[in-house]
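Report on the structure given below.
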Amino acid sequence: MGVALSGSDILSFEEYLAIEQESEIKHEFIDGLIYAMAGASRNHNVISGNLFAALHSHVRGTTCTAFSADMLLKLNINDADIAYYPDLMVVCDPEDNNDQYTKHPTVIIEILSKSTQRVDLREKFLAYQTIESVQEYVVVKQDVMDIIVHQRNNNWQAEHFGQGDKLVVPSIKLEIAVDEVYERIVFE
């Protein structure tokens, strides 16, 4: 997450949405303040593309839809409106069909970077646990072959998947080789 842009101006969620529709860059929204998002690396984009292709193909013909980083996730925690752009989401609630944001994802996936990992592993992890529909929070490292799955029905405990493993996301019955997720990735 970047720096707050609105300074002392506190925006409503509706004002934020209007700004976001006209903006050339994406912003996340936390209780009236907007934050510019940083750009993504090559590895981030390749991993995201590999996962989106697998998710999209896997949920085709079901009630679920796969979304990439351009779909907002709206939350409300302690009467504070929050909107994030997760890297990937799977939404299986057919009534969760707002054009600009979703509120009831089943799976949320974040791809870690040096600039986002603290927020992704703390703030967002805690926030995502408040969404009753979320069954898995998946965190993908881009500098090493390591995928962490946190499951609601396992008390959000971390399960690691690495080279040679199959990544398993039970709520959507997805199994994919970790090596496929990291296909075409160059580690430094």
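What follows is calculated from the coordinates using simple rules that are stated; it is not laboratory data. For clarity, every value in this text was computed on a predicted model and none was experimentally measured. Because the Cβ atoms are built from the backbone with ideal geometry, glycine has one as well, and the counts that use them run over all protein chains shown.
General remarks:
- Extension gain, residue 23 back to residue 103 (0.36 nm per residue minus Cα-Cα distance, nm): 26.6 nm
- Computed over segment 65-160, the range of Cα coordinates on each principal axis works out to 36, 28, 27 Å, biggest value leading.
- Exposure proxy ranking, count of Cβ atoms within 10 Å, fewest first, for 116, 63: 63, 116
- Cα shape, segment 38-97, gyration tensor, a/c 1.5 rule: oblate
- Residue-averaged [θ]222 nm for the chain, counting only DSSP H segments that reach four residues, each worth -39500 (n - 2.57): -5500 deg cm²/dmol
- When the listed pairs 124/166; 26/124; 26/103; 141/166; 114/166 are checked against a 22 Å cut-off, the alpha-carbon distance exceeds it for 124/166; 114/166.
- Cβ charges +1 (Lys, Arg) and -1 (Asp, Glu), total dipole of segment 70-188, debye: 260 debye
- Computed E for residue 41/residue 79 - FRET, C-beta separation, R0 25 angstrom, nearest 0.05: 0.10
- Along principal axes, Cα extents of segment 129-188, largest first, whole Å: 37, 21, 15
- Counting DSSP beta bridges with both ends in segment 37-161, the antiparallel % (nearest 5): 75 percent
- Taking every Cα-Cα distance in segment 92-138 and sorting them into 5 Å bins from zero, the calculated P(r) comes out as 5, 20, 27, 22, 16, 8, 2, 0 percent.
- Euclidean distance of C-alpha centroids, segment 156-177 and segment 83-111, integer Å: 19 Å
- Dipole orientation for segment 1-85: of the candidates 32, 21, 46, 46 has the Cα lying most toward the positive pole (charges on Cβ; Lys, Arg +1; Asp, Glu -1).
- Charges were assigned to the Cβ only: +1 to each Lys and Arg, -1 to each Asp and Glu. The resulting dipole of segment 6-129 about its Cα centre is roughly 740 debye.
- Were the residues from residue 165 through residue 188 laid out at 0.36 nm apart, the gain over their Cα-Cα distance would be 6.1 nm.
- Per-selection metrics, the chain (Cα): Rg and Dmax in Å: 16.2, 50
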